[in-house]
Amino acid sequence: MSERMSVIQGDITRVEVDVIVNAANSSLMGGGGVDGAIHRAAGPALLAACQVIRQHQGECAPGHAVITEAGNIPVKAVIHAVGPVWHGGEKNEAELLEQTYRNSLDLAAANSYRTIAFPAISTGAYGYPKELAAKIAVDTVYRYIGLRPLPEQVVFVCFDDENTHIYEQLLAQL
Ligand code: AR6
């Protein structure tokens, strides 16, 4: 198990890290699931910050991520990452999910953030099979931090028992 990676079960808006990742959609205008929870906890400043990015850059394609302030959430920033919708596995979903994690880690490192928390991107409304998504998340983060000093700590925040169990198993095998 890498000492720089851990899993906890709970609500990502309550985790003490420098930056949390949101499982956003391409509109960046909020939604349900973890996106809804983050926008509720952050308050209207988060949506306003997303709207500014939207006006400048347009939509955020799957695999990509943007960074904003965190409003009322006591972290330094929120990274809005757009994972792929699961279409059965033949639509480049694995590569896109890997890219989603890599681009989020790049944004954290570029801003000198030391600690980052990820939800299980794409495993809710977007339907990505949890086991497959977790393997990509863990492998991608493991390879990334193995080559770089930042981020120092990566926390996988699982909401449901199934994801928590899957992540615990995968981290134990590293
Ligand atoms: N903290 C941590 N994880 C959470 C929380 C929370 N507060 N709430 C839910 N999860 P989803 P997606 C878990 O659907 O599949 C949104 O409407 C949840 O159990 O939030 O990437 C967006 O606007 C699941 O394991 O994101 C997009 O339209 C994981 O977060 C779309 O859903 C991801 O589930 C994105 O779908």
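Just so you know, all these numbers are worked out from the coordinates, no wet-lab data involved. Small disclaimer: the values here were computed from a predicted structure and weren't measured. Quick reminder, even Gly has a Cβ in these numbers, built from the backbone with ideal geometry, and neighbours come from all protein chains shown.
Okay, here's what the table says:
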| read-out | value |
| --- | --- |
| Neighbour cut-off at most 10 other Cβ (10 Å), DSSP loop, chymotrypsin sites (Phe, Trp or Tyr not before Pro), region 113-174 | none |
| Shape of region 99-152, Cα gyration tensor, a/c cut at 1.5 | prolate |
| 15 Å beta-carbon shell around SER27, net charge (K/R +1, D/E -1) | -1 |
| Residue among PRO74, PRO44, PRO84 with the largest mean-square fluctuation in a Gaussian network model of the chain, springs linking Cα atoms under 10 Å | PRO44 |
| The chain: projected area of the alpha-carbon convex hull, averaged over directions, in nm² | 8.8 |
| Low-density loop cleavage sites - GluC sites (Glu not before Pro) in region 4-97, where at most 11 other Cβ are within 10 Å (DSSP) | GLU16, GLU90 |
| Cut-off under 5 Å, modelled amide H: who pairs with MET5 long-range | VAL154 |
